[in-house]
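Values quoted throughout were computed directly from the atomic coordinates according to the rules given, and no laboratory measurement underlies them. Treat the numbers as computed from the prediction; the structure is a model and nothing was measured. Because the Cβ atoms are built from the backbone with ideal geometry, glycine has one as well, and the counts that use them run over all protein chains shown.
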Amino acid sequence: MVTFANIYSPCDMVSKRRLWETLKEIKAANRGTIWCIMGDFNCMRRVRERQGEGVVDYGDCERREQRKVR
């Protein structure tokens with residue numbers, strides 16, 4: 001079985017962390033399933049990728065959260 005998940009992540013870190021926790025719970029409940037997660041994670045790898053005002057670099061924090069899902 002293959003599970004496809006289309007994600008539209010919230011922008012605030014509290015909601016993002018909640019999303020990652022939910023994904024971890026779903027993954028744990030479906031062991032042995034191949035996952036394909038795609039979508040808009042509203043995150044950036046580097047500050048220079050951000051356009052607009054109010055640039056905040058949450059990159060390191062987001063990367064740590066994403067690694068926890070693997």
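Descriptive notes on the structure:
- Nitroxide proxy distance, nm - points 7 Å out along Cα→Cβ at ILE34 and GLU21: 3.2
- Packing-based order for 33-44, 1-12, using average beta carbon neighbours within 10 Å, highest first: 33-44, 1-12
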